[in-house]
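The values are calculated or read from the model by the stated rules, or taken from the named source; none is laboratory data. No experiment lies behind these values; they were computed from the predicted model shown. Don't worry about glycine lacking a Cβ; one is built from the backbone with ideal geometry, like all the others, and counts go over all protein chains shown.
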Amino acid sequence: MATTHIHTHTDVHHDDHEHEHHEGNFWTNYIFSQDHKVIAKQFLITGIFWALFGGTLSVIFRLQLGFPEMSLEWMRPLLGGWITPEGKIDPEFYLALVTMHGTIMVFFVLTAGLSGTFSNFLIPLQIGARDMASGFMNMLSYWFFFLSSVIMLSSFFIETGPASGGWTVYPPLSALPQAMHGSGLGMTLWLVAMALFIVSTLLGGINYITTIINMRTRGMSFTRMPLTIWAFFFTAIIGLLSFPVLFAAALLLIFDRSFGTSFFLSDIYIGGEALANVGGSPILFQHLFWFLGHPEVYIVLLPALGITSEIIATNSRKPIFGYKAMIGSMLFIAILSFIVWAHHMFVTGMNPFLGSIFMLLTLIIAVPSAVKIFNYVTTLWKGNIRFTSGMLFSIGLVSFFLTGGITGIFLGNSAIDIQLHDTYFVVAHFHLVMGSASFFGMLAGIYHWYPKMFGRMMNEKLGYVHFWITFVGVYMVFFPMHYIGIAGFPRRYYSFTNFEFASGFTDLNALVSIAAILTLSAQFIFLFNFFYSMFRGRPAPANPWNSTTLEWTTPRNPGHGNWPGEIPAVYRWPYDYSKPGAKEDFIPQTVPYSETPESNLPHENELIKLESSNGNAIVVEGDKH
Amino acid sequence: MTTLIVVLGVVLVLMILYLIFRISTLVSVAKSKKETDVDSSNSTNALLFIVFMILGLGGFFWYSFAHFDSYTLPVASEHGALTDKLFWITMAVTVVAFVIISIIKFVFLYQYQYKEGRKAKFYPDNHYLELAWTIIPAIVLALLIFTGLRAWNDITAPASEDAEVIEVIAQQFAWTARYPGKDNVLGDYHYQKIDAINEFGLDLTDNKTFDDFKSLELHLPKGKEVLLKIRAKDVLHSVFLPHFRVKMDAVPGMPTQFKFIVTKTTEEMREETGNPEFNYELACTEICGQGHFSMKMNVIVHTEEDFAKWKAEQESWLSQNPDYLKNVPAGLRESAMIKAGISAETGMKFTQGDFGTAVGSN
Ligand code: HEM
Ligand SMILES: [Cu+2]
Ligand SMILES: [Cu+2]
């Protein structure tokens, strides 16, 4: 078979490749490595750093919201002039905190940290490839991300402070340095950092797509790919199509800021002066931003859903329910995600007719999302569920996805959104459905694949404690925000004392802040577990979760090239858990049907013939060299 | 002192965690090497999910009912009553779905927790089930969309001819309102004409501007359609009238609008809420800079008669700033003074010597 030839050929090539890399030094092995596993870990560690950083920012501004009377004098050594003489956070710095928190969480943690880690780590391992299609581009992808991180971080150390116009950086606010301090150098750094970030994402995405299409091992047809891979595949495609639009928006904004163009600016009188710009439209920027911004939600979410599908199936000891429906709904979500962006703009003055179209499309996207939830729940039904830490976090994801998804039905309805738009209801909604859900997906993935990443097990008990505090904590932080939002509290407010209608809920706001502090603190349990286990954890068995997928057929600490010998072939889909008649409750993908006559379904018996011819071809090819 | 307590508390918690950690590692080492990866904590976790479900759902329903009045704002507009209704219908539908799915999920977690020797059911798909839970949500959503669409179309439909037109202008960090005056038509403006005094950028060559007047509070009539014309001078802002369920961005260079009918005067609302201090408010809901959180305008709703009376009492902007008569083309000055309510004497004072040049240049 043609495919067999190609793949065997690739293997040969990579075998040579592997020898070259054995002699790498510290720099090529750990810093400028081209090994997808090392790059994945680099993304992971950077992502964890950013998660802590972004989380800390949120706790700082939660202190202001929860305890407006409290003196924050003690933070002066850290924040210096950003603490006012009265011991309060400077209102403009509050906005900078919110902006950087949002940017960091969405892009640096849940895009780079999540996709970067797991796409890199799992794609070659689960499809049976030696590495990514281009190790070099993959390395560049990380280093562009690193550079972007350094620049974003540096904006905290300049006098005018980081960007502060919200993570959506709507002009004219973000275009006019005279409108707020953060729109000066801080905004320039933001734009440069994001441009580099987009380069990183595109380099990564191209690699993911190419690798998945071209480098699957023998027998790994598309319909035998684990859902993780499907999710990474769709994610990369969405990213490839939408990030360039943000790039364009950022570029035009740079022009408006620095070269006097008027893409987004018109009829502005600010600082006692009428600007010359005419003819631009701030709404245009919003269209461009959300053309990325909404797909971004799914860029963040799909990998987490893929990871969860895998973990829930493994730990329920059941095939994922509706494998094809899961792929179908991801495909549908991926397509629809491009045509719902304007639901973020119902009350921006956009033509109301557009509003009705986008409302229709938005509520349609709820259907595949609902299908996914039902499929997860059905996967649990009659399972034999093991609550590993990874499983717990996956269940947490399903819970958040449901709770947060429900409120999307309110916000997608333009008539209802009039009142809810830009209130805390929105904050509650997106933190649950995208923030916390994806965050839990990421944690689940770390717990689940840690043995493969570091060859050791994490401590499960600490994992449980971490889960329960975080799970309850997240609900305590974000659930009350629904009430606050229904009451009309606007988001991005430094304090609520100026308005009578928003003067209540001091108790709820304090509760939220306390819960946020607890939740953040609980992450240190995880950190300890993560770093301690790296060196002192129990050595991991080859296949600790009794999984079916390919990554567990590699050695405990796979070297560059992943499999010491030939890459194993794949004979079945990845969800043969608890198959009737089988001796064990899982059958790895590498086990041919010919070896499991006792559990084969009728149509699978017919596949046995193909297997042997396949196998012969491999032997013949293998003999040649 | 408090810092010390906090530090001690943190240290204590950390020590406890470390102890848990040590003990659990020791125990797992002590327990032979055999890896039954499922131990007693499995059932604990399963049980905790049930506890979580009961406390979570219980807390949710308790708070939602017990504190209903504290998180729902009274509504005081016609379309607001409608969107509120839609909101609560959606709430009812989704909460039912939410509760059912949640319970099923958590019960499954408990019921199907690991048991030695049991084998899970191999159940890869069922097309009927999948079809059912694609179609049912689709139908329910279609119904919600349909009602939402109808409301949205009504809300965004053009305002009626005789609507009360009021302009709200946003700038960092204040709101001003402009009323059309006796002619009931707002005069032209241009952003290049804005200056420290002419904050609306009134184009005084347009005779509709002469009687326009300014207000720092938003006065509205009850029971009459109001068409808010909204614009911004510097950056984006957003008009939010929480009690009227009104929200619309203010965009520099692109005027927007929102029409609505208020159903309760400030007085009536004071009675209804039992709060004699009650005031309607206008807030900004689009981040606009450091004063975003304090960008407020007071709103006063009158009966229609009182509103007309209030309007009649207001002085036109031009009469408050008569030196701007200079910018009125000479041919229009007379009518400007009449429309703006400026006495001939005052008018002469501010335009003296100017007439000649203006006329001459024409
Ligand atoms: C410790 C956990 C977190 C807490 C306590 C928290 C809290 C908050 C709060 C209260 C706001 C609104 C602030 C305001 O409007 O004034 C906010 C904004 C935001 N958060 Fe979080 N958050 C957390 C984690 C996350 C995560 C994991 C994400 C990832 C998606 C995220 C993304 C955002 C975004 C995008 C915004 C909007 C920023 C903006 O308005 O420009 N947050 N967060
Ligand atoms: Cu969206
Ligand atoms: Cu504002």
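Worth pointing out:
- Positions within the stretch A:485-494 being under 21 Å from A:L95 (Cβ atoms) and more than 10 Å from ligand 1 (Cβ to nearest atom), in sequence order: A:G485, A:G488
- Enumeration of residues in the stretch A:346-397 that are more than 7 Å from chain B (Cβ to nearest Cβ) and either outside any helix (DSSP H, G or I) or on the phi > 0 side of the Ramachandran plot (or both): A:F346, A:M350, A:N351, A:T388
- Complete set of residues in the stretch A:564-598 that are touching a residue at least 60 places away in the same chain (Cβ under 8 Å), in a loop (DSSP other than H, G, I, E, B) and either under 30 Å from A:S33 (Cβ atoms) or within 11 Å of chain B (Cβ to nearest Cβ) (or both): A:E566, A:I567, A:P568, A:A569, A:V570, A:W573, A:P574, A:Y575, A:D576, A:S578, A:D585, A:Q589
- Residue match in the stretch B:87-94 (condition: closer than 30 Å to B:E267 by Cβ and more than 8 Å from chain A (Cβ to nearest Cβ)): yes
- Residue in the stretch A:419-441 that is farthest from the other protein chains (Cβ to nearest Cβ), counting only those that are among the β-branched types (V, I, T) and within 25 Å of B:A76 (Cβ to Cβ): A:V426
- Subset of the stretch B:279-313 that is in a loop (DSSP other than H, G, I, E, B) and buried (at least 19 other Cβ atoms within 10 Å of the Cβ) - its residue that is farthest from the other protein chains (Cβ to nearest Cβ): B:M295
- When the test is whether a residue is in contact (Cβ under 8 Å) with a residue 60 or more places away in the chain and assigned to a helix (DSSP H, G or I), A:G205 does not pass it.
- Filter result (among the small types (G, A, S) and surrounded by 20 or more Cβ atoms within 10 Å (Cβ to Cβ)) within the stretch A:507-521: A:S513, A:A515, A:A516
- Residue check for B:K247: crowded, with 20+ Cβ neighbours inside 10 Å and either charged (D, E, K, R) or more than 8 Å from every other protein chain (Cβ to nearest Cβ) (or both): yes
- Residue check for B:K119: assigned to a loop (DSSP other than H, G, I, E, B), more than 10 Å from every other protein chain (Cβ to nearest Cβ) and surrounded by fewer than 20 Cβ atoms within 10 Å (Cβ to Cβ): no
- When the stretch B:160-192 is filtered for residues that are within 14 Å of chain A (Cβ to nearest Cβ) and either within 16 Å of ligand 2 (Cβ to nearest atom) or in contact with an Asp or Glu (Cβ under 6 Å, 6 or more places away or on another chain) (or both), the ones remaining, listed by number, are B:Q171, B:Q172, B:D188, B:Y189, B:H190, B:Y191.
- Residue match in the stretch A:365-384 (condition: closer than 22 Å to B:T285 by Cβ and either in contact with a helix residue (DSSP H, G or I) (Cβ under 9 Å, 6 or more places away or on another chain) or among the hydrophobic types (A, V, I, L, M, F, W, C) (or both)): no
Results for (1) facing another protein chain (nearest Cβ under 8 Å); (2) not β-branched (V, I, T), shown as yes or no for each residue.
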residue: A:I486; (1), (2): yes, no
residue: A:F489; (1), (2): no, yes
residue: A:S495; (1), (2): yes, yes
residue: A:L527; (1), (2): no, yes
residue: A:T554; (1), (2): no, no
residue: A:G559; (1), (2): no, yes
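- Screening A:E500 with (1) touching a strand residue (DSSP E or B) at 6+ places or on another chain (Cβ under 7 Å); (2) facing another protein chain (nearest Cβ under 8 Å); (3) within 16 Å of ligand 3 (Cβ to nearest atom); (4) of a type outside the set (V, I, T) gives one miss only, at (3).
- Residue count for the stretch B:200-238, restricted to those that are over 22 Å from B:Q320 (Cα atoms), of a type in the set (K, R) and away from ligand 3 (no atom under 16 Å from the Cβ): 3.
- Selected residue (criterion: farthest from the other protein chains (Cβ to nearest Cβ)) from residues of the stretch A:282-300 that are out of contact with any strand residue (DSSP E or B) (no Cβ under 9 Å at 6 or more places or on another chain) and either among the β-branched types (V, I, T) or outside any helix (DSSP H, G or I) (or both): A:I299
- Considering only residues in the stretch A:98-120 that are surrounded by fewer than 24 Cβ atoms within 10 Å (Cβ to Cβ) and not β-branched (V, I, T), the one that is farthest from A:V297 (Cα to Cα) turns out to be A:H101.
- Residue tally, condition under 22 Å from A:Q42 (Cβ atoms) and under 18 Å from the mean Cα position of the chain (by Cα), over the stretch A:164-195: 1
- The set of residues in the stretch A:77-91 being away from chain B (no Cβ under 13 Å) and over 18 Å from B:V7 (Cβ atoms) consists of A:L79, A:G80, A:G81, A:I83, A:P85, A:E86, A:G87.
- Residue identified as closer than 17 Å to A:S266 by Cβ and among the β-branched types (V, I, T) among B:I197, B:I169: B:I169
- Residue match in the stretch A:111-127 (condition: assigned to a helix (DSSP H, G or I) and either charged (D, E, K, R) or within 16 Å of ligand 2 (Cβ to nearest atom) (or both)): yes
- Considered as a group, the residues in the stretch B:1-57 that are modelled with pLDDT under 70, part of a loop (DSSP other than H, G, I, E, B) and touching an Asp or Glu at 6+ places or on another chain (Cβ under 9 Å) include one that is nearest to the other protein chains (Cβ to nearest Cβ), and that residue is B:D37.
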